[in-house]
Amino acid sequence: MNLIPNQRHLFDIPEDVAYLNVATMGPLPLAALEAGQRGLARKLRPWTISDTDFFEDTKRLRPLLAALIGADEAGIAFVPSASYGLATAARNLPLAKGQKILLLQDQFPSNVYTWQELARETGAIIETVSASGNASLSDALIAAVDPDTGLVACPQVRWTDGARIDLIALGQRCRDVGAALVLDLTQSCGAMTFDVREVQPDFAVAAGYKWLLGPYAMGFLYAAPHRRGGTPIEHNWITREGAADFTRLVDYTEALAPGAERYDMGGRSNFALLPAFEASVRQILDWGVANIEATLAHQNRALAEALEARGLSTGPETGRGPHYLGALLPESAPGNLTARLKAENIYVSKRGNRLRITPHLFTSENDIARFLSALDRHLG
Ligand SMILES: Cc1ncc(COP(=O)(O)O)c(C=O)c1O
């Protein structure tokens, strides 16, 4: 594992901007912009786009996405959003009346509404888990899994405060009781190591525009080997067998593409966004997720100490994602704190009563110094 030196030169972030808000939206690397612009420009001359081009970008990108999470490329589908991937999972995980769906307190809405809908359809019951007493959120979730649990849907880190779930232990517990496990990795994929071979989820989804530094409306869904024979939520021409022969597309077929490709979104061959997404994912793989994680952990450790010294608790490091700080604000904090910081070109977000601070490899010491000095002024 190596600590990565500052990478700001690969981004378009001016010196006087402290962008500490990757949890809201990761900046596109310059290389991804160039790839995306080249891709978009192809549409100026559609006659230069051939039939086989509809398959080329996804063919290159699928194994790269698989490499991020220790998967095989046949387990990867292209989705525009986390909610799309979660809907696919819900469509293919039948539950019985009275079975429990476990969610976390304050979980991201896309990963709640999907299950509320499934509960309405099946008569399953939603149970929301929060940390209680000395038990961490992770321990509380694992303890709540019992033989009545049909499904657990959760993230690797909670979006509000970065609270971390021990997915290996959770995966084991789910298998012990026969519960399905669906993961939303949007707030961790690209910044935290994760391996499907260790966790063995049924489905895992990640929107690509945060920690994968990709364009908006591109993400992926992983389906476990035994979940690749299911039904997609929409039916399009390219996810059927034989789609490569454009002259025979009206020889309609029941046969879906093998593997998770059957779950690919319609319009998946996006000539502008796929090359941009590919460039972002290649950059993440070049750095190495373990190295990114170690570097952000190192940076954030120092920042967490500085916040603690100011009375802003981020909780124990073992309990949070190393890339993710959710600092508890004092009641006296001004309601417009993030707006005041923004006025100084310092970008963070507020979720509940926490200030969410999510820097990346482009964050400089000057960014952090400016942020802390602004906090001192505004929190008085
Ligand atoms: C945990 C989590 N999941 C998903 C999303 C995005 O959801 P969707 O892709 O459905 O728009 C976000 C955005 O903030 C998020 O924090």
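Read-outs: derived from the displayed coordinates by stated rules, not from any lab. Just so you know, these numbers come straight off a predicted model, no measurement behind them. Note that we place each Cβ from the backbone using ideal geometry, even for glycine, and neighbour counts take in every protein chain shown.
Considering only TYR84, ALA67, VAL145, and ranking their Cα positions along the charge dipole of region 50-157 that arises from unit charges at the beta-carbon of Lys, Arg, Asp and Glu, the one farthest toward the positive end is VAL145. Applying the Karplus relation 6.51 cos²θ - 1.76 cosθ + 1.60 with θ = phi - 60° to region 236-247 yields 3J(HN,Hα) values of 10, 5, 7, 9, 9, 4, x, 5, 5, 9, 5, 6 Hz, where x marks Gly and Pro.
Cβ crowding within 10 Å, taken as a proxy for footprinting-reagent exposure, orders MET218, MET1, MET25 from fewest neighbours to most as MET1, MET25, MET218. Histogrammed with a bin width of 20 Å, the alpha carbon distances of the chain distribute as 28, 55, 17, 0 percent, first bin at zero. 3J(HN,Hα) along region 39-49, derived from phi through the Karplus expression 6.51 cos²θ - 1.76 cosθ + 1.60 where θ = phi - 60°, amounts to x, 5, 5, 4, 6, 5, 10, x, 5, 8, 9 Hz, with x in place of Gly and Pro. Using a Gaussian network model of the chain in which every pair of alpha carbons under 10 angstrom is joined by a spring, one finds that among SER269, SER50, SER313 the greatest mean-square fluctuation is at SER50.
The length gained on full extension between ALA302 and SER130, counted as 0.36 nm times the residue separation minus their Cα-Cα distance, comes to 59.1 nm. For region 265-355, the alpha-carbon coordinates run over 50, 29, 25 Å along the three principal axes, in decreasing order.
Taking a straight line from the alpha carbon of LYS97, these aspartates and glutamates sit under 17 Å away, with near neighbours fewer than eight places off in the same chain left out: GLU117, GLU121, GLU127, ASP146, ASP148. As a ratio to 2.2 N^0.38 Å, the alpha-carbon radius of gyration for region 108-147 is 1.36. Remark: relative contact order (region 171-307) = 23 percent; criterion is Cα-Cα distance under 8 angstrom and separation of 6 or more residues.
Among beta bridges identified by DSSP and lying wholly in the chain, the antiparallel ones come to about 50 percent. Couplings for region 364-369, taken from phi via the Karplus curve 6.51 cos²θ - 1.76 cosθ + 1.60 with θ = phi - 60°, read 9, 4, 5, 4, 5, 4 Hz in order; Gly and Pro are left as x. DSSP assigns beta bridges within region 132-211; of those with both partners inside it, close to 10 percent run antiparallel.
The antiparallel fraction among DSSP beta bridges confined to region 118-269 stands at about 45%. Each Lys or Arg adds one and each Asp or Glu subtracts one; over the other residues with Cβ under 10 Å from the Cβ of SER364, this totals -1.
With no solvent and one point per C-alpha, what does the Debye sum give as log10 I(q)/I(0) for region 182-247 at q = 0.13 Å⁻¹? Taken in order of the listed q values, log10 I(q)/I(0) reads -0.49. Note on LYS350: lysines with a C-alpha under 30 Å away, same-chain residues under 8 apart excluded, are LYS210, LYS342. What the pair-distance distribution of region 2-124 shows, using all Cα-Cα distances binned every 10 Å from zero, is 9, 23, 29, 25, 12, 2 percent.
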